[in-house]
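Take this structure first; my questions come after.
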Amino acid sequence: MKYHVIVFGCQMNISDSERVSAVLESVGYKNTSNINEADLIAVVMCSVRQSAVDRVFGLIEKFSALGGLSSGWKKPITILTGCILKKDKKLFINGFDYVLDIKNIKNLTKILGTKKTESVNNYLDIKPKYTSKFSANVPIMTGCNNFCSYCVVPYSREREISRPTKNIISEIKQLVTSGYKEIWLLGQNVNSYKNGKTNFPKLLKMVNNIPGDFWIRFTSSHPKDFNNDVIEAISTGNRITPYLNLPIQSGDNKVLQLMNRHYTVKDYKNKIIGLRKRIPDIALSTDIIVGFPGETKKQFENTAKLFRNIKYDAAYINKYSPRTGTVAAKLKDNISWDEKKRREKVLTDILKQTALKKNKTLLGKETIVLINESRGNNYFGKNKHYKTVRIKSKENILGKFVKVKITEVAPFTLRGKIFHE
Ligand code: 5AD
Ligand code: SF4
């Protein structure tokens, strides 16, 4: 029996898919990358943007063409899970054999009629089937209590739940012992991690104290909860990489208020000033939504101004899409798609300039890269600052840390040569 998993969306969804795979393998399924030979197809969906939801509808059409007499295969079992809105479940139940909350993913064993369910209190404690042999996703919390007005996550993933610290630490210890080089601590808002007396800065310190040769990364952070204790933990933790994704969403106070973000542009900037004082070389990225309902050209200009001012290394720029059930969906989506595209391009152009200027200072410098992809003799990886570096090598360096000298730079990629001392 073979299964195939399709994942949409964020790193948390990739992590969820690793748990889906583990549950399926526990009942004897084997993974296949070829959808045509799968007896079971699991889709881990994302509801954050309409475009992601539309892709699931596209898949339903594709599924109906699979199997059947002409192919000689039986129609595969189809399962939908991941970030699903309650109200959408009814929509999808006609297109899938089973629609299952990710929190109940262990019930798959019951559904497939093969085994009694394992007793784990929290689905995050299911031992995952890691996709990579050197970089591991370790969820520390899931859900969100923030209710940003545009976002479906509090409705699809519901309230915040933190994983017990001891389970996180023991998982990471095992990973490091078996040679993992990069640990990603994941959560919708890692800063609100809380288990007994352990908050996020304490957890960071505990993970940093695990002996071994590995890097610690984390995502995502909410600016309102990003504080000096986290800055202190990053700056003193030798394994914590100097890279931070701090989503601002808009550079205009009125828009931020309508987004229900609970900080002002000034609060955000002050946090960045404090961070850069303590960690001058920190690389920064952000998330932005352009074309939020009612966003005037002047309000958008404030975001462009903030981009010029902060000088990000990277940014995830999203065009606003209304999500039914959210507070913002009641506001008129009055910015045209073309105008959203224009605003996106303005920010991308600023970003290209600021990122390139920063990257130019790296020419001729040394950096350590964890190689995560290979195409023939071309290898790709990320350095501590989460910059993509391309390297040529005859030796297989996949999954290794290599010391590299930067030889060429572009806004979002660097080229390097392996450095021999
Ligand atoms: N429209 C566009 N972008 C959105 N995001 C969340 N909800 C929406 C939406 N309705 C973006 C935010 C968030 C990222 C994960 O997705 O920028 O940080
Ligand atoms: Fe969505 Fe806001 Fe929660 Fe992030 S913090 S998941 S944007 S509601």
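So, in segment 129-140, of the ones that are in contact with a helix residue (DSSP H, G or I) (Cβ under 7 Å, 6 or more places away or on another chain) and not basic (Lys, Arg), which residue ends up most open to solvent (accessible area, probe 1.4 Å)?
Out of the qualifying residues, it is Thr131.
May I ask you to list the residues in segment 316-336 that are assigned to a loop (DSSP other than H, G, I, E, B) and hydrophobic (A, V, I, L, M, F, W, C)?
Val327, Leu331, Ile335
Also: Limited to segment 274-290, what total is found for residues that are within 16 Å of ligand 2 (Cβ to nearest atom) and either buried (at least 18 other Cβ atoms within 10 Å of the Cβ) or of a type in the set (Lys, Arg) (or both)?
The qualifying residues number 5.
Quick check on segment 308-316. Is at least one of its residues surrounded by 18 or more Cβ atoms within 10 Å (Cβ to Cβ), at pLDDT 95 or above, within 16 Å of ligand 2 (Cβ to nearest atom) and closer than 30 Å to Lys400 by Cβ?
Yes, segment 308-316 has at least one match.
List the pairs whose first member sits in segment 405-421 and is closer than 11 Å to Ala355 by Cα, whose second member is among the small types (Gly, Ala, Ser), and whose Cβ atoms are under 6 Å apart, counting only residues at least 6 apart or on separate chains?
Pairs that qualify, where the first residue is closer than 11 Å to Ala355 by Cα and the partner is among the small types (Gly, Ala, Ser), are Pro411/Ala355.
Could you list, ordered by first residue, the pairs with Cβ atoms under 7 Å in which the first is in segment 145-157 and under 20 Å from Gly82 (Cβ atoms) and the second is hydroxyl-bearing (Ser, Thr, Tyr) and within 11 Å of ligand 1 (Cβ to nearest atom), at least 6 apart or interchain?
Partner pairs satisfying both residue conditions: Tyr150/Tyr320; Tyr150/Thr326; Cys151/Thr326; Val152/Ser47; Val152/Thr326; Ser156/Ser47.
To continue, here is another question. So which of Lys387, Lys403 is of a type outside the set (S, T, N, Q), open to solvent by 40 Å² or more (accessible area, probe 1.4 Å) and on the phi < 0 side of the Ramachandran plot?
Lys403
Among the residues that make up segment 59-72, is at least one of them part of a helix (DSSP H, G or I) and within 16 Å of ligand 1 (Cβ to nearest atom)?
No, every residue in segment 59-72 fails to be part of a helix (DSSP H, G or I) and within 16 Å of ligand 1 (Cβ to nearest atom).
Restricting to segment 234-263, name every residue that is within 10 Å of ligand 1 (Cβ to nearest atom) and small (Gly, Ala, Ser).
Answer for segment 234-263, where residues must be within 10 Å of ligand 1 (Cβ to nearest atom) and small (Gly, Ala, Ser): just Ser250.
Just to be sure I understand the filter: pairs with C-beta atoms under 9 Å, separated by 6 or more residues or on different chains, first member in segment 253-279 and hydroxyl-bearing (Ser, Thr, Tyr), second member at pLDDT 95 or above and exposed (fewer than 15 other Cβ atoms within 10 Å of the Cβ). Which pairs pass?
Thr264/Gln257
I'm checking my understanding of the structure. Among residues of segment 41-56 that are touching a residue at least 12 places away in the same chain (Cβ under 8 Å) and part of a helix (DSSP H, G or I), which one is most open to solvent (accessible area, probe 1.4 Å)?
The qualifying residue most open to solvent (accessible area, probe 1.4 Å) is Arg55.
Applying the selection to segment 321-349, what residues are touching a Lys or Arg at 6+ places or on another chain (Cβ under 7 Å) and open to solvent by less than 20 Å² (accessible area, probe 1.4 Å)?
Result: Lys340, single match.
From the list Arg217, Arg239, exactly one residue is modelled with pLDDT of 95 or more, surrounded by 15 or more Cβ atoms within 10 Å (Cβ to Cβ), in contact with a helix residue (DSSP H, G or I) (Cβ under 7 Å, 6 or more places away or on another chain) and under 27 Å from Ala136 (Cα atoms). Which is it?
Arg239
A further question on this structure: Is it the case that Lys224 is assigned to a helix (DSSP H, G or I), of a type in the set (D, E, K, R), open to solvent by 10 Å² or more (accessible area, probe 1.4 Å) and more than 16 Å from ligand 2 (Cβ to nearest atom)?
In short, no.
The values are calculated or read from the model by the stated rules, or taken from the named source; none is laboratory data. Just so it is clear, the structure is predicted and the values come from calculations on it, not from any experiment. Using ideal geometry, Cβ is built from the backbone for each residue, glycine included, and neighbour counts are taken over all protein chains shown. Heavy atoms of the whole protein, side chains included, go into the accessibility calculation; ligands, DNA and RNA do not. Shrake-Rupley method; radii C 1.70, N 1.55, O 1.52, S 1.80 Å.
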